[in-house]
Each structure stands twice: as structure tokens, then as C-alpha cells.
């Protein structure tokens, strides 16, 4: 073995054993997906390191598929690992993770006026016992995408209600007379997205998951009527393909992108692939807020999703970690994310910034978020995954006509009550 | 005499020496988790120590008895096993007989037969999921273009069709495994038995039922045990093909346990499901083993 080889081996050994020893108070590990927040992660880390000499941030790139990164986090958190110090969590996990004692409360670590600027409905999803456990990073939500060319061709207005959507779909489908063309596609496979869909439909009819007294209200007359419309879209109006029952967001997006559907209801991430240069529908589509039911103009029908940043309760650098969270969610950085990466800010004051005048896409997304409905994850906490799954099963039973809508939602109410111990 | 005894002893010692490391490893990675699962299933705790272990006796089991989703998963698992194993056996014997004949490109044919089995289940299943797809899948394209159907068939969105779809993939994939084991058995049957049979005036069919099948009993039972155990704990297939859907129509016991443990993080209740599944497979193995012992 020559000298240079020896040197290399020695260096490798020093690096391998030295890493934990040199982990000083200012070394942070941050876990976030590589695509979700675009190029902003790298930029924010660089500016953070520049502003805090001596601090280093290691970016641990995790999967952008929520289910996968969740499993990774949960394994580490249950073993009380001290890393990552900062990690991005889906809005629906915030309540659960906080209840399990895995997150450090941010009150006191982040300035109160900054916390006050965060989107309130997102903050409520991350608040347990009046303590804030995570800071909103960016929002996404479901929108109704539509084909501008087809609506124009048949002289149709942009639909506002479900009645409009059904009518417009039928008109276009009859006019085009193309068996490959459908009216409406969305993500109705038995996934979280189905539950989001259902919240959009029922919310658009004035229903809510819990009633004013906090009781489970999933089988209210308004919810039953809205769910019946979902069933009718499939079997009575026949504007959706049978395959909608196995579609995930990208399956629905693919069909719409191939020009095979007039309407599409999914999250805003599809905007980028749909408007890409090689997309057959580029320049031929636009989006509007999710429809409501006639007479419910003010109903909230945009199912909100999004990501927050949290600090690991077992982190050895909680203060520095919170500082990093504050940096990512500062006014300037949130504004840059909105302008450069089309990421909807997690704080409300950014929407009022003069620079936002030109960011029409984000403003339109934001307008739809104003009629947002969050999933009942804060109130159900660690039981949320079970509640969501119970709902998905019964909604699927109704959509497959294995049960009447009323029976399915009564069973869903019973199941949720049992899970929550009500 | 003493010479022989020490030799015996020495042989035994050598044997023990060879077996000990294996036994230790098995105890460590097999028996410990089984005991741990049983302990977990009788208690209430959180895996991170947030909630200390508390003995709750049969609570989880009594909850399990009243859990309709558990009974559904058990039913799905049995249905899947009962449908796929006989079909696999049938195709397995057929393939083995075919591969036992001499013909041109026999080596290639054997390779082709083994191919589905050699590929990872998850990969196979994803390919099949695409073929079943109702909008851009192969089967619907053929069915639509040939005018067999007017509206695409939603294979994975229908209770019965989804189960059939799952069985088809299982049979396609694992018949070749059955065939492999049976082929090994076939090749060990002495040729002169068939010659003797022919002299006694046997035709091909009586040859098969009177000579081949009885002598294949051993390999067939081995193949049955291994495949039934696989089928009773099937996971990748429903996980990748249907995710247990529609609703819970193809949710196997393993998939249900996985969801309870990794999605709901309820390790104790999940452990109870796993223990019941263990008992089911254990009982089935005993039945096979006794069947094997009594007949031979």
C-alpha cells in the first residue's frame, strides 16, 4: 500500500469517526423532499449559513411521497433519534406528531409576531393545547381545472356549481361524440385524496365533519346529498369513467393531459406538468375554485393540504433549529418562494406584498385557499389516520354502490365515533 | 465397543458443533420476534416508551373477535388461498410434464417458464396493474378494439374482478415454482416403471394416474405446504395491485396487520392480528405434515 492510499484510508477513518465528535451545537440536519419546495431549500440553507457564521445545515433529502417520508420519520422519532433537527411534515400529521410528544413547541422559540402572521387555518392544524408545534411552509389545495377551448366551443361559462359542471360535461361529451372523452376526472381511489374530495363535495353543500358542538356530523343531510352527487356523477350522469375509482392524482392528471377529460379536480402541483411545453393541453386549460352546490355560494370547498416545518423534540440544538424554521418562514423567503417557485406562502401577509401583483398564479391559488377546508387532523390527533381510513372505506362503499349513501355514511359516523370514543 | 461409542460421540459432537451457530441465529432472528409479538399482543404500550408496557390480557383478542375488518381480511386470505393453490397445482403439474418431455429449445422453454417466478413480486404486480388499467391497459385496449365490450372493464375496481385479477397474477407467477419442484420429482421416477406399465397395457392416462401421480405425492405436498404458507401471508400482491381495494375486498391479513402497525402505529393490536395469522399458518402446516406422515 503506498502512501497516498494510506492517507486516503486514514482520512476516511477520520471522517467516519469524526462526524459525531465534531457535531457541535450549531450543526443541524434538515429533512425535506428534493422536489416539494423546489430550489428554495438550497437557497434558504445558503442564506441561513451566511447569516449565522459557524452554523451548518445538512440537507437530508427524503421522499416527496408523503407515505414514504412518514414511515422514515416515524421510525426515527419512535427511537427518539435526535436527528433530523428540523423536518417538513404534512399538515395532517401535525396534530398526531404533537400529541405523541415528538415535536418541540415553537412558542418562545419563534417570535410571537411571526407566529401571528402564519395562515390561521394551518396554524390550527398544528396547535394542540394552545401550543404551536409547527410553522406553515407552503400550502396546496384542490382546484377545478377545465379545458378553456372546449368550454368556448360550446359557448359555456366557467362552472361555479356542481350542477354547472354536470351540465357542461354532458354538453361537451354529446357534442364531441368521442367515447374516449370524459367530463370529470379526479382521485377517487381509496386514498387520502378521496377523503379530500369528499370534504370538498360535502363542504360545498354546507356540511362539516364535526358539528358546532364537536360531534361527528359526517351523516348530516347535507353530506348525504353531496355524496349522492358523487355517486350520480358516475352512474346517473355518467360523466366520469369507472376507472375514477382507482385513480390517484397523477392518473387523473394523465388523462386530462391527454385531452380526454373536460374537468379535473386535484391539487395545484399538476399546474406545472399541464402547462409544460410538451403537454397536449398547454394553453388550453385554466382553473377555478372547486364548485359548490347551488345556493351555497359562500361554502368552503377547497380541500387544503400543505407542509409545515417542525423541530424534533429530541433535537440537541432546538434553538438553532427553531431559528432555521423562522428563516424558512420569514416574510422575504416566503415571498421569494412564491415569486420564483410558485409556492403558495404559509403566511397571510405575503399575499398583500406589492410584488405579488404580478404573481397571478399564486394569487389565484390563494383566492381559492380563502374558501379552504382543512381536514379534521388537529382535533383527532394521533387517531387521524384511522379516522381518514374509516371514511375512505365507507365513501368507497357508497361509490361502488355496495351500500346506499345513507347507510355508508351512517356506518362511517359509527366507525369514527368508535375510534374517537365518542 | 468403546471405540465405536466414542466415534458415535465424536460424530454427535461434530454435528452439534455444526448445528449450534444456525440454531442460535434462528433463535435470535426467528424465535425472539415471535415471543416479542406474543408479549406485545397481550399488552398496551407505545413502541417509543412514551406509554410504558401494561398487561391487558386478552383485550386485543376480544376486540379482534368483534372486528368485522379482521374477519373480512381472514375471509379474503382464505378465499385467495383456496382459489389460487389448486390452480397453481394444476398448471404446475401440466408445466412440469411438458418440461419433462424432450423437444427442441427445451432449455429456453424452461427458462421462459421460470421467468415470472424469478422476477420480484412487486415488479410483476406493477406490470399487471398497468395491464389491468381501464384507460390505458392492454386488456381493455384489446377488448374495446375487438368490440367485445363497449365500456372499459374496471378490473381492479370491482369486488369479484379484483379478486380474480389477484388470483390470475398469483397463478401466473407461482405455477412455475410448483412446476420446478414437481419436475424434480418427475425426474426421479425410474423409467423402467413406465416400461413395465406399457407391457401391462397401460395407456398414457392410466400411466399418469397409476404411476406418476402416486410417486409425485411427496413433491406435491412439499410444494403445497410452501405455497399455502406463502398464500396465507400474501402481502406484496394486494399491496401493489389493489391496496386491498375496492374498499377492503382484497385486503389480506398481512396487509391489514401492516396498516394497523405502520399507518395507525398500533403495535399491540397489530401484534394480535399477526399472532392469529401465525396460528392459522401453524395449524395448516400441522395438517399437511400429518397428511404427509400418515400416507407414506
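Of all helices (runs of 4 or more DSSP H) completely enclosed by the stretch A:37-141, which ones contain at least 2 residues that are in the same structural domain as residue A:322 (by TED's automatic domain parsing), out of contact with any helix residue (DSSP H, G or I) (no Cβ under 8 Å at 6 or more places or on another chain) and over 14 Å from residue A:306 (Cα atoms)?
On the way: elements: A:40-51, A:66-78, A:94-99, A:112-117, A:120-125.
Correct list: A:40-51, A:66-78, A:112-117.
Would you mind stating whether residue B:88 is within 27 Å of residue B:221 (Cβ to Cβ) and surrounded by fewer than 14 Cβ atoms within 10 Å (Cβ to Cβ)?
Working: within 27 Å of residue B:221 (Cβ to Cβ): yes; surrounded by fewer than 14 Cβ atoms within 10 Å (Cβ to Cβ): no.
For residue B:88, the condition - within 27 Å of residue B:221 (Cβ to Cβ) and surrounded by fewer than 14 Cβ atoms within 10 Å (Cβ to Cβ) - is not met.
Taking the criterion of being at pLDDT 85 or above, within 22 Å of the chain's Cα centre (by Cα) and surrounded by 12 or more Cβ atoms within 10 Å (Cβ to Cβ), would at least one residue in the stretch B:132-155 satisfy it?
No, the stretch B:132-155 has no match at all.
Do we have any residue at all in the stretch B:6-24 that's closer than 26 Å to residue B:230 by Cβ and in a helix (DSSP H, G or I)? Can you show your working first?
In the first step, residues of the stretch B:6-24 are kept if they are closer than 26 Å to residue B:230 by Cβ; the result is B:22-23.
Restricting the remaining residues to those that are in a helix (DSSP H, G or I) gives B:22-23.
Yes: the stretch B:6-24 contains one or more residues that are closer than 26 Å to residue B:230 by Cβ and in a helix (DSSP H, G or I).
Suppose we keep only residues that are part of a helix (DSSP H, G or I) and out of contact with any strand residue (DSSP E or B) (no Cβ under 7 Å at 6 or more places or on another chain) within the stretch A:365-380. Which one would you say is nearest to the other protein chains (Cβ to nearest Cβ)?
A:380
Checking residue B:83 against (1) within 14 Å of chain A (Cβ to nearest Cβ); (2) in contact with a helix residue (DSSP H, G or I) (Cβ under 9 Å, 6 or more places away or on another chain): exactly one of these is not met. Which one?
Going through (1) within 14 Å of chain A (Cβ to nearest Cβ); (2) in contact with a helix residue (DSSP H, G or I) (Cβ under 9 Å, 6 or more places away or on another chain) one by one, residue B:83 breaks only (1).
Mind checking whether some residue in the stretch A:383-391 is more than 14 Å from chain B (Cβ to nearest Cβ) and touching a helix residue (DSSP H, G or I) at 6+ places or on another chain (Cβ under 9 Å)?
In the first step, residues of the stretch A:383-391 are kept if they are more than 14 Å from chain B (Cβ to nearest Cβ); the result is none.
No, the stretch A:383-391 has no match at all.
Only one of these conditions is not met by residue A:237: (1) in contact (Cβ under 8 Å) with a residue 60 or more places away in the chain; (2) closer than 21 Å to residue A:375 by Cβ; (3) more than 21 Å from the chain's Cα centre (by Cα); (4) assigned to a loop (DSSP other than H, G, I, E, B). Which number is it?
Going through (1) in contact (Cβ under 8 Å) with a residue 60 or more places away in the chain; (2) closer than 21 Å to residue A:375 by Cβ; (3) more than 21 Å from the chain's Cα centre (by Cα); (4) assigned to a loop (DSSP other than H, G, I, E, B) one by one, residue A:237 breaks only (2).
Taking the stretch A:256-279 on its own, how many of its residues are away from chain B (no Cβ under 11 Å) and either within 26 Å of residue B:239 (Cβ to Cβ) or in a strand (DSSP E or B) (or both)?
Narrowing the stretch A:256-279 to residues away from chain B (no Cβ under 11 Å): A:256-257, A:259, A:262-279.
After this cut, where a residue has to be either within 26 Å of residue B:239 (Cβ to Cβ) or in a strand (DSSP E or B) (or both) as well, the list is A:262-267, A:269-270.
So the count comes out to 8.
Could you check residue A:311 against (1) surrounded by fewer than 17 Cβ atoms within 10 Å (Cβ to Cβ); (2) in the same structural domain as residue A:90 (by TED's automatic domain parsing) and say which number it fails?
Of the numbered conditions (1) surrounded by fewer than 17 Cβ atoms within 10 Å (Cβ to Cβ); (2) in the same structural domain as residue A:90 (by TED's automatic domain parsing), the odd one out for residue A:311 is (1).
Out of A:406, A:355, which single residue is assigned by TED's automatic domain parsing to the domain that holds residue A:235, surrounded by fewer than 23 Cβ atoms within 10 Å (Cβ to Cβ) and assigned to a helix (DSSP H, G or I)? Walk me through how you get there before you give the answer.
Working: A:355 fails: assigned by TED's automatic domain parsing to the domain that holds residue A:235.
Going through A:406, A:355 in turn, the sole match is A:406.
Restricting to the stretch B:44-61, what's the tally of residues that are more than 14 Å from chain A (Cβ to nearest Cβ) and loosely packed, with under 12 Cβ neighbours inside 10 Å?
3
Going through the stretch B:259-288 one residue at a time, which ones are without any contact (Cβ under 8 Å) to a residue 40 or more places away in the chain and either within 11 Å of chain A (Cβ to nearest Cβ) or over 24 Å from residue B:60 (Cβ atoms) (or both)?
Once the filter is applied, which keeps residues that are without any contact (Cβ under 8 Å) to a residue 40 or more places away in the chain and either within 11 Å of chain A (Cβ to nearest Cβ) or over 24 Å from residue B:60 (Cβ atoms) (or both), the stretch B:259-288 yields B:259, B:260, B:261, B:262, B:263, B:264, B:266, B:286, B:287.
Looking for whichever is modelled with pLDDT of 90 or more, within 30 Å of residue B:266 (Cα to Cα) and outside any strand (DSSP E or B) here; the options are A:397, A:333. Which one fits? Break it down into steps so the answer makes sense when it comes.
Working: A:333 fails: within 30 Å of residue B:266 (Cα to Cα).
Answer to the check: A:397.
Of the conditions (1) crowded, with 19+ Cβ neighbours inside 10 Å; (2) closer than 20 Å to residue A:418 by Cα, residue A:183 clears all except one; give me its number.
Looking at each condition in turn, residue A:183 falls short on (2).
What's the number of the condition residue B:278 fails, among (1) outside any loop (DSSP other than H, G, I, E, B); (2) out of contact with any strand residue (DSSP E or B) (no Cβ under 6 Å at 6 or more places or on another chain); (3) buried (at least 20 other Cβ atoms within 10 Å of the Cβ); (4) at pLDDT 90 or above?
All conditions are met except number (3).
Does residue B:243 meet the test of being under 23 Å from residue A:244 (Cα atoms), free of Cβ contacts under 8 Å to residues at least 60 places away in the same chain and under 22 Å from the mean Cα position of the chain (by Cα)? Full working, then the answer.
Working: under 23 Å from residue A:244 (Cα atoms): yes; free of Cβ contacts under 8 Å to residues at least 60 places away in the same chain: yes; under 22 Å from the mean Cα position of the chain (by Cα): yes.
So residue B:243 fits the description; yes.
If I ask for residues that are without any contact (Cβ under 8 Å) to a residue 12 or more places away in the chain and either in a helix (DSSP H, G or I) or crowded, with 20+ Cβ neighbours inside 10 Å (or both), which ones from the stretch A:142-175 would you list? Talk me through it step by step, then tell me what you get.
As a first pass, look at the stretch A:142-175 and keep what is without any contact (Cβ under 8 Å) to a residue 12 or more places away in the chain: A:152, A:155, A:157, A:167, A:174.
A:152, A:167, A:174 - these are the residues of the stretch A:142-175 that are without any contact (Cβ under 8 Å) to a residue 12 or more places away in the chain and either in a helix (DSSP H, G or I) or crowded, with 20+ Cβ neighbours inside 10 Å (or both).
Yes or no: the stretch B:95-115 includes at least one residue that is within 14 Å of chain A (Cβ to nearest Cβ), surrounded by 15 or more Cβ atoms within 10 Å (Cβ to Cβ) and touching a residue at least 60 places away in the same chain (Cβ under 8 Å).
Applying the first criterion (within 14 Å of chain A (Cβ to nearest Cβ)) to the stretch B:95-115 yields none.
Scanning the stretch B:95-115, I find no residue that is within 14 Å of chain A (Cβ to nearest Cβ), surrounded by 15 or more Cβ atoms within 10 Å (Cβ to Cβ) and touching a residue at least 60 places away in the same chain (Cβ under 8 Å), so the answer is no.
Looking at (1) closer than 24 Å to residue A:199 by Cβ; (2) out of contact with any helix residue (DSSP H, G or I) (no Cβ under 7 Å at 6 or more places or on another chain), can you tell me which one residue A:299 breaks?
(2)
For the stretch A:77-115: of the residues being within 12 Å of chain B (Cβ to nearest Cβ) and surrounded by fewer than 18 Cβ atoms within 10 Å (Cβ to Cβ), which is nearest to residue A:349 (Cα to Cα)?
Looking at residues that are within 12 Å of chain B (Cβ to nearest Cβ) and surrounded by fewer than 18 Cβ atoms within 10 Å (Cβ to Cβ), I get A:101.
What residue, among those in the stretch A:240-255 that are more than 10 Å from chain B (Cβ to nearest Cβ), in contact with a helix residue (DSSP H, G or I) (Cβ under 7 Å, 6 or more places away or on another chain) and not in a loop (DSSP other than H, G, I, E, B), is farthest from residue A:395 (Cα to Cα)?
It comes out as A:253.
The values are calculated or read from the model by the stated rules, or taken from the named source; none is laboratory data. All values reported here derive from a predicted model rather than from experimental measurement. Cβ: placed from backbone, ideal geometry, glycine included. Neighbour counts: every protein chain shown.
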